[in-house]
Amino acid sequence: MTKLNLIPSAPLHATAAGSKAAARRLIGEESVSAALVINPAATTDTLLVASADGSSEASAVEQVITAAEASQHRSVTVTVTDIVSDARSRA
C-alpha cells in the first residue's frame, strides 16, 4: 500500500480495508472508487471498480494497478460492477 501511495504524481491514494465485503462497502459509500483485493494464496488479485465513477477513472485505476501488480510479479483480474448504484438501490 505504501508503494502505491509513493507513485510519482500521486495518481491514487491507497487505503486498507479488512475484507472484500468491506472494500465493496467503501465503494458503495463512494469513499473510494476502486478496491484491490489481494489474494495471498495466489499471484492473481482482483480489482473492483465502480462503473458509476466513469470509464476514464476506471481505466486510469486499472492502468496504475496493472503496472504496480506486474512490478511485484503479480497479475490482476478486473471486475467492473456498478456497486454504487447497487448500494443506493438497497438504501
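Values quoted throughout were computed directly from the atomic coordinates according to the rules given, and no laboratory measurement underlies them. Note that the structure is a prediction, hence the values are computed from the model and not measured. In this analysis, Cβ positions are derived from the backbone assuming ideal geometry, glycine residues included, and neighbour counts consider all displayed protein chains.
Database remark: amide H of V78 closer than 5 angstrom to the amide H of L47 (H placed geometrically; neighbours at sequence offset of 5 or more, or on other chains; Pro and chain starts carry no H).
Working ranking of peptides 3-10, 21-28 by packing, defined as the average number of other Cβ atoms within 10 Å per residue, highest first, is 21-28, 3-10.
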